[in-house]
Amino acid sequence: MIGYIIRRLLYAIPILIGVNLLTFVLFFFVNSPDDMARIHLGGKRVTPEAIVKWKEDHGYNKPRFYQSTGASAEKLTDTIFFRHSVKLFVFDFGRSDQGRDIGYDIYQRMWPSLAIALPVFLVGILMHITFAMLLAFFRGSYLDTSGVVLCVIMMSISSLFYVIGGQYLISMLLQLVPISGYDVGVEAVKFLILPVIVGVVGGIGASTRLYRTFFLEEINKDYVRTARAKGLSELRVLFRHVLKNAMIPILTGVVVVIPLLFTGSLILESFFAIPGLGSYTIDAIHSQDFAIVRAMVFLGSVLYITGLILTDITYTLVDPRVRLE
């Protein structure tokens with residue numbers, strides 16, 4: 001298994017280089033260093049001298065990919081892409097275009113992101129699997145049909161509806177929790193209740209319907225019919241046999257998102273004014289801060305690859321027949 005993990009980590013290097021290259025090309029396809037300088041210096045009345053100085057201070061005065069006047073290796077290393085990319089692979093995110101330490105910002109903002117993402121993930125996965133098993137247990141009944149129709153309706157509604165509806169109903173009409181904001185310590189709980197509820201409810205439709213399909217596929221297999229023929233109750237068959245064998249496809253979707261919990265939820269953090277990594281990324285896009293955008297895309301790619309490796313490892317724990325070679 002160790003050899004397999006090492007190979008997967010080595011395969012990740014060209015993937016990360018490609019993601020970083022694509023991010024760089026897309027960003028500078030839309031923006032030029034002069035545009036970035038004008039945005040950060042504050043508007044139209046910016047002198048050419050100030051633009052030149054800003055680009056020199058932030059390393060944007062070099063060619064993007066190729067330095068024609070450089071000597072040998074400097075043709076590639078004395079460029080914007082190389083200077084802003086190499087340090088990412090040792091997780092040195094450097095400073096933002098506004099001068100802030102990106103590594104420090106990520107450390108500070110990942111805790112509010114986790115404060116929302118972890119409860120949404122844990123409560124959500126428990127509720128979604130429970131509802132899916134309930135529908136599978138009563139398959140073919142009115143309860144199953146009603147549940148499927150409700151799931152389709154819920155997954156057809158935009159997540160923004162749940163956010164705005166939750167803020168209007170729970171915060172404005174019932175006035176149970178603040179409509180938005182964040183605080184530290186125990187006081188943070190009252191600001192997190194509504195985003196967590198919205199996050200869990202918003203995912204019920206799609207997840208429950210997907211997990212129900214996994215359970216129904218297992219229910220119709222021969223080993224389940226054999227278990228029933230031995231006299232096991234339907235509830236026991238569902239929990240002891242079907243749930244265990246349906247966990248592999250469920251794990252595929254669940255474990256891979258665990259590392260991504262650090263990067264937060266863009267919509268929830270933006271609408272509820274939570275100072276996490278999701279809102280950090282949105283603010284960086286609005287301010288055209290390439291250093292932060294590049295760092296967050298790179299970090300998200302690393303976490304996603306980590307999630308895929310964790311998913312493969314969990315396969316071996318759930319199904320002993322799986323071997324990582």
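For Arg45 and Leu122, the difference between the fully extended length at 0.36 nm per residue and the C-alpha to C-alpha distance is 22.6 nm.
Take each of the peptides 5-14, 237-246, average the number of other beta-carbon atoms within 10 Å over its residues, and list them starting from the highest.
237-246, 5-14
Per-residue extension of 0.36 nm, minus the Cα-Cα distance of Arg7 and Asp319, leaves a gain of 110.1 nm for this segment. Computed over protein heavy atoms with a 1.4 angstrom probe, the accessible surface ordering of Val254, Val186, Val297, largest first, is Val186, Val297, Val254. In terms of accessible area, using a 1.4 Å probe and ignoring ligands and nucleic acids, Trp54, Trp111 rank largest first as Trp111, Trp54.
Relative contact order for the chain using alpha-carbon pairs under 8 Å, separation at least 6, rounded to a whole percent? That works out to 23 percent. Rolling a 1.4 Å probe over the protein heavy atoms gives the range 48-104 an accessible area of 64 Å² per residue. The label-point distance for Asp222 and Val186, in a model that sets each label 7 Å from Cα toward Cβ, rounds to 6.0 nm. Any lysines with Cα under 20 Å of the Lys87 Cα? List them, leaving off those in the same chain fewer than 8 positions away. Lys87 reaches Lys55, Lys62, Lys75. When a 1.4 Å probe is rolled over the protein heavy atoms, the share of accessible surface on the range 84-175 that falls to carbon and sulfur comes to 72 percent. Nearest 0.05, what FRET efficiency do Leu174 and Ser287 give at R0 = 35 Å with Cβ-Cβ as r? Computed FRET efficiency for Leu174 and Ser287: 0.45.
Ordering of 113-122, 149-158 by packing is 113-122, 149-158, highest average first (other Cβ atoms within 10 Å, averaged per residue). At a probe radius of 1.4 angstrom, the accessible area of the range 172-307 per residue rounds to 47 square angstrom. Within the range 253-325, the trypsin sites (Lys or Arg not before Pro) that combine a DSSP coil assignment with at most 14 other C-beta atoms in a 10 angstrom radius are Arg321, Arg323.
Based on Cα contacts under 8 Å between residues 6+ apart, the range 231-285 shows a relative contact order of 21 percent. Each label point was placed 7 Å from the Cα along the Cα-to-Cβ direction; for Leu160 and Leu21 their separation is 3.6 nm. Counting heavy atoms of the protein chains alone, Asp312 has an accessible area of about 30 Å² for a 1.4 Å probe. Extending 7 Å from the Cα toward the beta-carbon at both Val90 and Val257 defines two label points whose distance is 3.6 nm. Placing R0 at 35 angstrom, the Cβ-Cβ distance between Asp78 and Leu308 gives a FRET efficiency of 0.50 after rounding to 0.05.
With R₀ fixed at 56 Å, the C-beta to C-beta distance from Asn31 to Ala229 puts the FRET efficiency at about 0.25. For Lys244, a cut-off of 16 angstrom between C-alpha atoms picks up these aspartates and glutamates, skipping any fewer than 8 places away in its own chain: Glu217, Glu218, Asp222, Glu234, Asp319. Ranked by the mean number of other Cβ atoms within 10 Å per residue, highest first, peptides 166-179, 218-231, 274-287 order as 274-287, 166-179, 218-231. A simple count of charges around Ala227, restricted to other residues whose Cβ falls under 15 Å of its Cβ and scoring Lys, Arg +1 and Asp, Glu -1, yields +4.
The values are calculated or read from the model by the stated rules, or taken from the named source; none is laboratory data. Values in this document were obtained by computation on a predicted structure and should not be read as measured data. Backbone-built Cβ (ideal geometry, glycine too); neighbour counts: all protein chains shown. Heavy atoms of the whole protein, side chains included, go into the accessibility calculation; ligands, DNA and RNA do not. Shrake-Rupley method; radii C 1.70, N 1.55, O 1.52, S 1.80 Å.
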